[in-house]
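Notes for the one structure printed next.
The values are calculated or read from the model by the stated rules, or taken from the named source; none is laboratory data. Nothing here was measured: the structure is a model prediction, and the numbers come from that model. Quick reminder, even Gly has a Cβ in these numbers, built from the backbone with ideal geometry, and neighbours come from all protein chains shown. Just the protein is used for accessible areas: all its heavy atoms, side chains included, with ligands, DNA and RNA removed. Shrake-Rupley method; radii C 1.70, N 1.55, O 1.52, S 1.80 Å.
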Amino acid sequence: MTTTTSPLRVAVVIGSTRDGRLAPTVGTWFKAQTEAHAPGTHFDFIDVADLDLPDAHPGWGHEHAEHEAELAARLHEADAFVIVTPEYNHSFPAHLKHFIDLHKWEWAAKPVGFVSYGGVSGGLRAVEQLRLVFAELHCVTVRDGVSFHRVTPDHFAQDGPAHDPEGASGAAKVLLDQLDWWAHALRTARAERPYN
């Protein structure tokens, strides 16, 4: 059972499912940042491309199928979330939105951070739209994130780090520090006064 003194649990959602996607590479890079900057935190990486999601939302209150219940439990146990997303046509991937919409209270009263990538905007337009989605789900989105602009596979070395390791790593540290603060604060608040 999670207590207010247990190590934080953060679910990292890899949000792209396209063939040839860069998301796993960005996710690998971010995993290295979690090990460097947040060694006491447990990170659970969830790749939307690996999930067998239902085609339609069953409706609130509907019992999840067994594999869906396991996924819902992973989100419920998380104290915070990080979304890794590209930008498609000034927005975020449809499969990511579908994944988010399949759950509701698993997200509530928890912080969400973002790692984005794309063209000139670095995925920030996708992030701004996701902030609206997560506000509807009663989440707190942290101010600072990581964004990779005009990103290509060449932007990353074989093992994942960016060509600008100090700048990107510094941004990841700020994101993780803010996520840590909000995750502790909101976990304590939920324990003292359940959110509903």
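A few notes on this one:
- Put Thr34, Thr188 in order of accessible area, highest first, and with a 1.4 Å probe you get Thr188, Thr34.
- Helical runs assigned H by DSSP (4 residues or longer) give the chain a calculated mean residue ellipticity at 222 nm of -12500 deg cm²/dmol, each run adding -39500 (n - 2.57) before division by the residue total.
- Options (i) 44, 36, 29; (ii) 92, 45, 28; (iii) 44, 38, 26 - which one matches Cα extents along the principal axes in Å as calculated here: (iii)
- Formal net charge of residues neighbouring Arg9 (Cβ-Cβ distance under 14 Å; K, R +1; D, E -1): -1
- Probe 1.4 Å - accessible area at Leu137, Å² to nearest ten: 20 Å²
- Extension gain, Asn89 to Leu51, is 11.3 nm, computed as 0.36 nm per intervening residue step minus the present C-alpha separation.
- Take the Cα of Glu166, step 7 Å toward its Cβ, do the same at Ala36, and the gap between the two points is 1.2 nm.
- Heavy-atom accessible area with a 1.4 Å probe sorts Trp182, Trp105, largest first, into Trp105, Trp182.
- Within the accessible area of the chain, the carbon and sulfur atoms contribute 52%, probe 1.4 Å, all protein chains present.
- For Ser91, the shell of other residues with beta-carbons less than 10 Å away shows a net charge of 0, using +1 for Lys and Arg and -1 for Asp and Glu.
- Label-point separation in nm, Asp144 to Val120, each point 7 Å along Cα→Cβ: 2.7 nm
- Selected from Gly122, Gly40, Gly113 as most flexible by GNM, with the chain as the system and alpha-carbon contacts under 10 Å: Gly40
- Per residue, the solvent-accessible area of the chain (1.4 Å probe, heavy atoms of protein chains only, all protein chains present) comes to 52 Å².
- The charge dipole of the chain, taken about the Cα centre with unit charges on the Cβ atoms of Lys, Arg (+1) and Asp, Glu (-1), comes to about 580 debye, rounded to the nearest 20.
- Cross-link partners of Lys31 among lysines, defined as those whose alpha carbon lies under 22 angstrom from its own and excluding same-chain residues fewer than eight positions apart: Lys110, Lys173.
- Taking all protein chains together, Trp107, Trp181 sort by accessible area into Trp181, Trp107, largest first [probe 1.4 Å].
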